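The values are calculated or read from the model by the stated rules, or taken from the named source; none is laboratory data. Fair warning: this is a prediction, and the values are worked out from it, not measured in the lab. Please note: Cβ atoms are built from the backbone with ideal geometry, for glycine as well, and neighbour counts cover all protein chains shown.
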Ligand code: PLZ
């Protein structure tokens, strides 16, 4: 059976697009405006019956599958018992159990505590609140190309102006941006790139509340810092009484072939923010950190109506069980091992192919968006969902479901390879 029955988008999607234009704010955009009817085993099936190969997982969310049987079962079971009480009014076990799992799974064997929220942005905001409270300091150090969210504080932390920040200021103060280690572009070793950062911070900021970093940057271009960069920053933080905060919202939960990307560098953060892959598609996020830091917050200082909603917690437990049972870390590594050589061969010397596990990127040498846009568009037209990213929009990124069947991945990669070869005019 052919995967595509109509042009992309098909007539039913086009009709929905017209309704959307009259109902949904133009401020909310979609990469590929096909309207989804259901999903199965690495495929998104649209309302016209087209079966698209999903190499995006809804931006690194549905790694465990979509729908994932254990997640669906846990959600059904919970919603039939109760949908909500508000943990701040009358608590329930699921919240506690998710925190126990996070405390056990995140890097480091020290005593930890967690608090649950609804979105990645909210988790990052709360990590900064905690860092400021326990250190009594205001400054937050962030990096070029960083992405931490779309709320006002997290927009201040996010680097890229268009589309995220443009016109939405003023932004929160006491945020200081320093250069990221970017081996493909700066050629610096990890320690040298860290020394450049720390010199700036010492001279221009002084000891901050925290250094906040994505261990592998996501929206900013799937930039993996040179070995030793993260460790040098973490060591400096320890020295200067600042918290080292890892934003593992995109990298966490087996995406990079480890539970958390910090593990690749043997770095143990003081605070870790998680979201996305944690709950197989339900909105849930967390801050996990050293017990003495997390418990230094006054009762009532952290919370929110929906944070750690029982249905989202049930989904998270189903998702985490799935990751462990199916060994999705190994699955992620297999995806990387399959994809990297193929993508390198397709790109030749026209840029950089990089990634860990199933977080993979093709960066085109030209720092303009045209080639990436063209490549993404031809993948989309052929029914393969890929995303672009990068400060310059010149990166194609892959975040396939970790359970994607091998044949489907191969088929998606073949389409992408062809698009790359055409796109760079080889
Ligand atoms: N930190 C590292 O990747 C979300 C955002 C897409 P929320 N990334 C996808 C978009 O255009 O809005 C993200 C992230 C990192 C924080 C966030 C924010 O998480 O759940 O989107 O708030």
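Things worth noting here:
- In summary, residue 238 fulfils each of the numbered conditions (1) within 16 Å of the ligand (Cβ to nearest atom); (2) surrounded by fewer than 21 Cβ atoms within 10 Å (Cβ to Cβ) with the single exception of condition (1).
Yes/no per residue for (1) touching a strand residue (DSSP E or B) at 6+ places or on another chain (Cβ under 9 Å); (2) at pLDDT 95 or above; (3) surrounded by 24 or more Cβ atoms within 10 Å (Cβ to Cβ):
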| residue | (1), (2), (3) |
| --- | --- |
| 273 | yes, yes, yes |
| 282 | no, yes, no |
| 290 | yes, yes, no |
| 305 | no, yes, no |
| 308 | yes, yes, yes |
| 313 | yes, yes, yes |
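- Within segment 235-249, the only residue that satisfies the criterion of being out of contact with any helix residue (DSSP H, G or I) (no Cβ under 7 Å at 6 or more places or on another chain) and either in contact (Cβ under 8 Å) with a residue 60 or more places away in the chain or under 26 Å from residue 278 (Cβ atoms) (or both) is 237.
- Residue check, residue 339 part of a helix (DSSP H, G or I) and either within 28 Å of residue 190 (Cβ to Cβ) or modelled with pLDDT of 95 or more (or both): yes
- Residue that is farther than 23 Å from residue 214 by Cβ and under 19 Å from the mean Cα position of the chain (by Cα), where the choices are 66, 126, 118: 66
- Residue in segment 28-45 that is at pLDDT below 95, closer than 28 Å to residue 359 by Cα and not assigned by TED's automatic domain parsing to the domain that holds residue 311 present: yes
- Output for segment 259-285, where each listed residue is under 14 Å from the mean Cα position of the chain (by Cα) and assigned to a loop (DSSP other than H, G, I, E, B): 259, 260, 275, 280, 281, 283, 284
- Leading residue by the ranking (farthest from residue 246 (Cα to Cα)) among those in segment 170-195 that are free of Cβ contacts under 8 Å to residues at least 60 places away in the same chain and in contact with a strand residue (DSSP E or B) (Cβ under 8 Å, 6 or more places away or on another chain): 174
- Residues satisfying the stated conditions in segment 374-418, i.e. surrounded by fewer than 22 Cβ atoms within 10 Å (Cβ to Cβ) and on the phi > 0 side of the Ramachandran plot: 393
- Any hit, segment 101-114, residues being within 16 Å of the ligand (Cβ to nearest atom), farther than 28 Å from residue 403 by Cβ, modelled with pLDDT of 95 or more and not in a loop (DSSP other than H, G, I, E, B): no
- Residue in segment 398-419 that is in contact with a helix residue (DSSP H, G or I) (Cβ under 6 Å, 6 or more places away or on another chain) and within 17 Å of residue 147 (Cβ to Cβ) present: yes
- Strands (runs of 3 or more DSSP E) lying entirely in segment 3-92 (those with 2 or more residues that are surrounded by fewer than 16 Cβ atoms within 10 Å (Cβ to Cβ) and out of contact with any helix residue (DSSP H, G or I) (no Cβ under 8 Å at 6 or more places or on another chain)): 36-40
- Which numbered condition residue 252 fails, given (1) within 16 Å of the ligand (Cβ to nearest atom); (2) without any contact (Cβ under 8 Å) to a residue 40 or more places away in the chain; (3) not in a loop (DSSP other than H, G, I, E, B): (3)
- Only listed residue being touching a residue at least 24 places away in the same chain (Cβ under 8 Å), within 14 Å of the ligand (Cβ to nearest atom) and under 19 Å from residue 181 (Cβ atoms), chosen from 275, 261, 232: 261
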